[in-house]
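Down below is the structure, laid out as structure tokens.
The values are calculated or read from the model by the stated rules, or taken from the named source; none is laboratory data. Note that the coordinates shown come from a computational prediction; the quantities given were computed from them, not determined experimentally. Backbone-built Cβ (ideal geometry, glycine too); neighbour counts: all protein chains shown.
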Amino acid sequence: MLVLVLHPPKAGVTQRLALEILSGAAGTGAQAELVTTDKKPNLSAYDLAFIGSGVYALHADPSIRSIVEKADWSGGRKAAFFCTYSHAGKKAVGNLSKTVEKKGGVVLGTLSIRTKGILTYLGRGELTESDLVRAHAFGEKMTNTASGRWVKRVNEKERIRGYKQ
């Protein structure tokens, strides 16, 4: 399975998330590539596209919006979106998802991470360790879903060895 992780070129916090998603996707055995929007990738060459952006003034990065709008999503091409935001990021990801679905694509999931810190409103927020763990798990889960592998979630009672009711 060929997986693309796409983000804008000058996206510090979003790039950190992209690297974690890449790591999660690669951990499933998929061939994963990290690409920035200035390379203008052909999304139809990939089985799954993770597309990420910071959210500025309630909108995703213009380069991401342009690529999503111009891409051929027919035939049920698969995408998963992720974003970092200080305010109203879920709306921007929702708009991208609607664009893909209108063009015949399938959105497997979204991940929205609210950044923290004093510089958040300047696009320089901070991520917590749990944010990075969530991103890694998101990459793994979406890649498994796209490839048709379902991983059974083991509950705590099943995990404990020797547990009997």
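Take Ile21 and tell me if it is outside any strand (DSSP E or B), more than 17 Å from Met142 (Cβ to Cβ), among the aliphatic types (A, V, I, L, M) and in contact (Cβ under 8 Å) with a residue 40 or more places away in the chain. In short, no.
Can you tell which of Glu33, Glu101 is within 18 Å of Asn144 (Cα to Cα) and either among the aromatic types (Phe, Trp, Tyr) or out of contact with any Ser or Thr (no Cβ under 8 Å at 6 or more places or on another chain) (or both)?
After ruling out the rest, the residue left standing is Glu33.
In the set (1) over 23 Å from Lys141 (Cα atoms); (2) over 14 Å from the mean Cα position of the chain (by Cα), Gly29 fails one condition alone, (1).
Filtered by the rule that a residue be charged (D, E, K, R) and not in a loop (DSSP other than H, G, I, E, B), the stretch 24-43 gives Glu33, Asp38, Lys39. Of all residues in the stretch 57-74, those satisfying the criterion of being aliphatic (A, V, I, L, M), part of a loop (DSSP other than H, G, I, E, B) and surrounded by 12 or more Cβ atoms within 10 Å (Cβ to Cβ) are Leu58, Ala71.
Please verify whether Arg77 is of a type in the set (D, E, K, R), surrounded by 19 or more Cβ atoms within 10 Å (Cβ to Cβ) and touching a strand residue (DSSP E or B) at 6+ places or on another chain (Cβ under 9 Å), treating the condition exactly as stated.
yes
Scanning the stretch 37-59 for residues that are closer than 19 Å to Leu111 by Cβ, modelled with pLDDT under 90 and over 13 Å from the mean Cα position of the chain (by Cα) gives Thr37, Leu43, Val55, Tyr56, Leu58, His59. Is it the case, given these coordinates, that Ser23 is over 16 Å from Leu111 (Cα atoms), surrounded by fewer than 23 Cβ atoms within 10 Å (Cβ to Cβ) and either in contact with a Cys (Cβ under 6 Å, 6 or more places away or on another chain) or hydroxyl-bearing (Ser, Thr, Tyr) (or both)? No: the conditions fail for Ser23.
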